[in-house]
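Here the structure is laid out as structure tokens; the discussion comes afterwards.
Read-outs: derived from the displayed coordinates by stated rules, not from any lab. None of these values were measured; they are calculated from a predicted model. As a convention, Cβ positions derive from the backbone with ideal geometry for all residues, glycine included, and neighbour counts pool all protein chains shown.
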């Protein structure tokens, strides 16, 4: 749920059709040597993020990835290798390439294993950014499965009682199919706020609310920072001891364990900025119960939640995936807003690489 | 992490050896017709909770369970039935009996399936309270596996933008083995605070901090309530929109989906007080990588976290499971504190049922 003052509008962004954005992102990535299949997977997920209103993980990142590739921070073309595998499990190496590619393959393998054996799981080392984590559970949901994915990151968040960054923002995403209602698609950073929101606040020149970050002395920090360092840290979900900061902190470590320790790729303080290990799981609902019955109960639950009287000042009660589905409906019809500076960057990068301009 | 003013001390509690508590709980449960094997499982988990300082899920609950059994709210002796099963999955019915018994069987089956196939998962319908959820992941950790368990409950928590209770406190527990360091054992309600903490505040006659609960008008509620009703609700983890209340809310629904919808047992608003559906999962680490290497990396992570400079006013940075392991060490040596009123209740109940007195 983007906060109102962080929203894009017609003064800070320009509307572009999703298909054109897809072509532009794919072209930029191919312009630095990414194989077409890998560029297409990455473009699909980046455009899906932008369509769903998740600007922080959207098409604006394509230029950054292309630079990482050019500078040799990413190995492209990459080889995604299966290190160990059983009927239900896989340990993959992302080959130090685009995180999207191995995470996509991890979830494809999870789905195939779940279809045969009930549950499928992959953990992925030697990886980079995988974008909007919800993209991977959504693949399982499209197959009438429950999907789950997590990814860890370099240190940015303080432990519950700590005053220095030691854990990544380590997001968790989960999806389950509904019937007539919209699917349940949930995606959260285990910090109070996703780090992209702080970067967005900085770009838009607005202050952060108290509770998002602290100084090394534990004092609230409201001026958004563009850097990472020992002198400030994001808060874990829960914020304070009394309000459950050990819960956001513990969830962040669950992500580190499944993504970083189970894969051997490393936990928060072992990762450099831009390194991300990933975990995916798919559960075949039909192995437990009739899928239509499952979906009918999902519908009942979602309707009951939508019918809850809202807090004073709020319009209506939402269910995870509602705001994103609203964005997607609007943006498929009217175009995707791209921040002015990111639009300029993408065009400049395309020209620099000598690839076709689509936007 | 119990808040200081909710702690038991020598004025409000009495110290009892853990073994005696185990015998007393088992005797009380057997006194109302619970088969010995089921009473022993339940006693083991209740005493483990009390040893670990999780008073709200400890031995003091034995009397309540025995009353539920006597009043026919629980079916005892119960039959735990396997409704559907594959190599990696199981749907169980708890037979409307003690939740502990089926959750224990669900995790045993998850571990056995994981040992053979990599991952094992069970979801359990027709169930009741399973106590401290961490007890089940701990079974997996003892087998060098990663364990995870969740349980849903009747409505008590408001949706993120809602003003009425619609979701249970729906806890999530996760465990992973360390090597030389203590195992990572994490257990959190998806509300700001576990509901047992509110009951404890009420029994001890103390106010709740702002942020734990609200009235139906969305105003902070600080007087602890012993009832459940539409006129107040607990807050989801995150508390407010700006601080991420949609995250605690979404996690609560993840629990409802895996426990209630996947099993068919029902979600929050479909459950009566005391009804709980449960989900368990075990992951065999050895299927992914060498277990000793995994544990060595866990040790590195835990040490790095312990070494983090603490916030001003805090002693040290903890890792999930630390406070509980400290409690357990102390209580195994010195006895388990049982609240005076609960001690009196247990003895009175034992006398009433004509079973042996051990405490």
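Tabulated values for the structure
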item	result
Cβ-Cβ FRET estimate between residue B:227 and residue A:225, R0 fixed at 41 Å, reported to 0.05	0.35
Ranking of B:74, A:136, A:65 by count of other Cβ atoms within 10 Å, fewest first	B:74, A:65, A:136
Label-point separation, residue B:37 to residue A:115 (7 Å along Cα→Cβ), nm	4.0 nm
Calculated log₁₀ intensity ratio I(q)/I(0) where the Debye formula runs over C-alpha points of the protein assembly as shown, q = 0.08, 0.10, 0.11, 0.12 Å⁻¹	-0.59, -0.93, -1.14, -1.38
For A:185-196, mean number of other protein chain Cβ atoms within 10 Å	3
Residue with peak Gaussian network fluctuation, chain A [Cα springs, cutoff 10 Å], from A:203, A:241, A:225	A:241
DSSP bridge orientation in the stretch B:79-200 - percent antiparallel, rounded to nearest 5	75 percent
Highest-MSF residue in chain B out of B:201, B:140, B:233 [GNM, Cα springs under 10 Å]	B:201
Prolate/oblate/rounded call for chain B, Cα gyration tensor, a/c under 1.5 rounded	rounded
Cα-based Rg of the stretch A:108-208 normalised by 2.2 N^0.38 Å, two decimals	1.28
Whole-Å semi-axes of the stretch B:137-178's equivalent ellipsoid (Cα gyration tensor)	31, 9, 5
Hull shadow area, averaged, the stretch A:15-73 [alpha-carbon convex hull, nm²]	3.7 nm²
Nm distances between copies for residue B:230, ranked from closest, using label points 7 Å along Cα→Cβ	5.7
Cα shape, the stretch A:188-257, gyration tensor, a/c 1.5 rule	prolate
Structure-based [θ]222 nm, chain A - -39500 (n - 2.57) summed over DSSP H runs of at least 4, per residue, nearest 500	-11500 deg cm²/dmol
Estimated FRET transfer efficiency when R0 is 25 angstrom, pair residue A:75-residue A:11 (beta carbons, to 0.05)	0.05
Residue-averaged beta-carbon neighbours from other chains (10 angstrom radius) around A:154-165	5
Label geometry 7 Å along the beta-carbon vector: residue A:71 inter-copy distances in nm	6.5
10 Å Cβ neighbours from other chains, averaged over peptide A:83-91	6
Cα gyration tensor shape of the stretch B:240-359, rounded if a/c is under 1.5, else prolate or oblate by comparing a/b with b/c	oblate
Proxy reagent accessibility, fewest Cβ within 10 Å first, across B:68, A:110	B:68, A:110
Share antiparallel - DSSP beta bridges, chain B, percent rounded to 5	85 percent
C-alpha center-to-center spacing [the stretch A:110-146, the stretch B:225-277] in angstrom	26 Å
Ascending list, in nanometres, of distances separating the residue B:354 label from those of the other copies (7 Å, Cα toward Cβ)	9.7
Ranked B:347, A:331, criterion: other C-beta atoms within 10 Å, fewest first	B:347, A:331
The stretch A:1-89, relative contact order [Cα under 8 Å, separation at least 6], %	24 percent
Relative contact order %, chain B, counting alpha carbon pairs below 8 Å whose residues are six or more apart	23 percent
The stretch B:221-303, relative contact order [Cα under 8 Å, separation at least 6], %	13 percent
Most mobile of B:317, B:167, B:82 in a GNM of chain B (Cα contacts under 10 Å)	B:317
